[in-house]
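Below is one structure, written out as structure tokens, with a few remarks after it.
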Amino acid sequence: MLFGKFTARAATAVALAGMLGACATAPGGPTPTASAANRAAVIARADERGALLVRGDLDAAYAFLSEGSKAVISLDNFKRRMSVVMFTAYRVDDASCDAESCKVQAKMTYDHRVMKGVTTPVTETWVVERGGLYFVFPPI
């Protein structure tokens, strides 16, 4: 059983390293047009995902995850982790992009079991995949 878990984790690590390596060796650099288009798109996608989290629609929010994220967090685990707190608001403050990824600066407001209305700044990473932008779930 231990060997099976190790093999699955090793395969995931190799796949993620391959994806990162492909991004690092891709020819050409970011173009201003691609970066501006990605910035507008990621702001819209982040707003949409944030609204889903606030509504509690975790199934739909999971669809925004990158393939690499889905490889390491199942829908059930995602729902379990995201339901620990109740999100009450989400706001994008800024975003910056290159040809392969974007960083989104946002604020999440949530109710914690000890305190209500906690606002936390977050930096989200989004990647370009399959012609769209997808959220990279932070490491566990």
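Quick check on region 96-108. Is at least one of its residues more than 20 Å from residue 42 (Cβ to Cβ), in contact with a Ser or Thr (Cβ under 7 Å, 6 or more places away or on another chain) and modelled with pLDDT of 95 or more?
no
Considering region 69-110 alone, what residues qualify as being of a type in the set (A, V, I, L, M) and within 17 Å of residue 56 (Cβ to Cβ)?
Scanning region 69-110 gives 75, 82, 84, 85, 86, 89, 108.
Would you point out which residue out of 111, 76 is in contact (Cβ under 8 Å) with a residue 24 or more places away in the chain and not aliphatic (A, V, I, L, M)?
111 is the lone residue from the list that is in contact (Cβ under 8 Å) with a residue 24 or more places away in the chain and not aliphatic (A, V, I, L, M).
I'm trying to understand the selection: among the residues of region 40-63, which are crowded, with 17+ Cβ neighbours inside 10 Å and under 12 Å from residue 126 (Cβ atoms)?
Those that are crowded, with 17+ Cβ neighbours inside 10 Å and under 12 Å from residue 126 (Cβ atoms): 41, 42, 43, 45, 46, 49.
Going through region 58-86 one residue at a time, which ones are at pLDDT below 95 and in contact with an Asp or Glu (Cβ under 9 Å, 6 or more places away or on another chain)?
85, 86, listed by residue number.
Among the residues of region 83-108, write down those that are crowded, with 17+ Cβ neighbours inside 10 Å and either polar (S, T, N, Q) or without any contact (Cβ under 8 Å) to a residue 60 or more places away in the chain (or both).
Those that are crowded, with 17+ Cβ neighbours inside 10 Å and either polar (S, T, N, Q) or without any contact (Cβ under 8 Å) to a residue 60 or more places away in the chain (or both): 87, 90, 92, 95, 101, 108.
For region 111-140, what are the residues that are more than 18 Å from residue 60 (Cβ to Cβ) and either β-branched (Val, Ile, Thr) or surrounded by 14 or more Cβ atoms within 10 Å (Cβ to Cβ) (or both)?
Selection gives 114, 118, 119, 120, 122, 123, 125, 127, 128, 140.
Which of the numbered conditions does residue 137 fail, given that it passes all the others? Conditions: (1) touching a helix residue (DSSP H, G or I) at 6+ places or on another chain (Cβ under 8 Å); (2) within 20 Å of residue 40 (Cα to Cα).
(2)
Between a residue in region 115-133 that is more than 17 Å from residue 105 (Cα to Cα) and touching a residue at least 12 places away in the same chain (Cβ under 8 Å) and any residue that is charged (D, E, K, R) and part of a strand (DSSP E or B), which pairs come within a Cβ distance under 7 Å, given they are 6 or more apart or on different chains?
Close Cβ pairs satisfying both conditions: 117/111.
How about region 15-39: which of its residues are over 16 Å from residue 123 (Cα atoms) and either at pLDDT 55 or above or among the β-branched types (Val, Ile, Thr) (or both)?
Hits for region 15-39 are 25, 31, 32, 33, 34, 35, 36, 37, 38.
The values are calculated or read from the model by the stated rules, or taken from the named source; none is laboratory data. All figures in this text were calculated on a predicted structure; none of them were measured in a lab. Methodologically, a virtual Cβ is constructed for each residue, glycine included, from the backbone with ideal geometry; neighbour enumeration extends over all protein chains shown.
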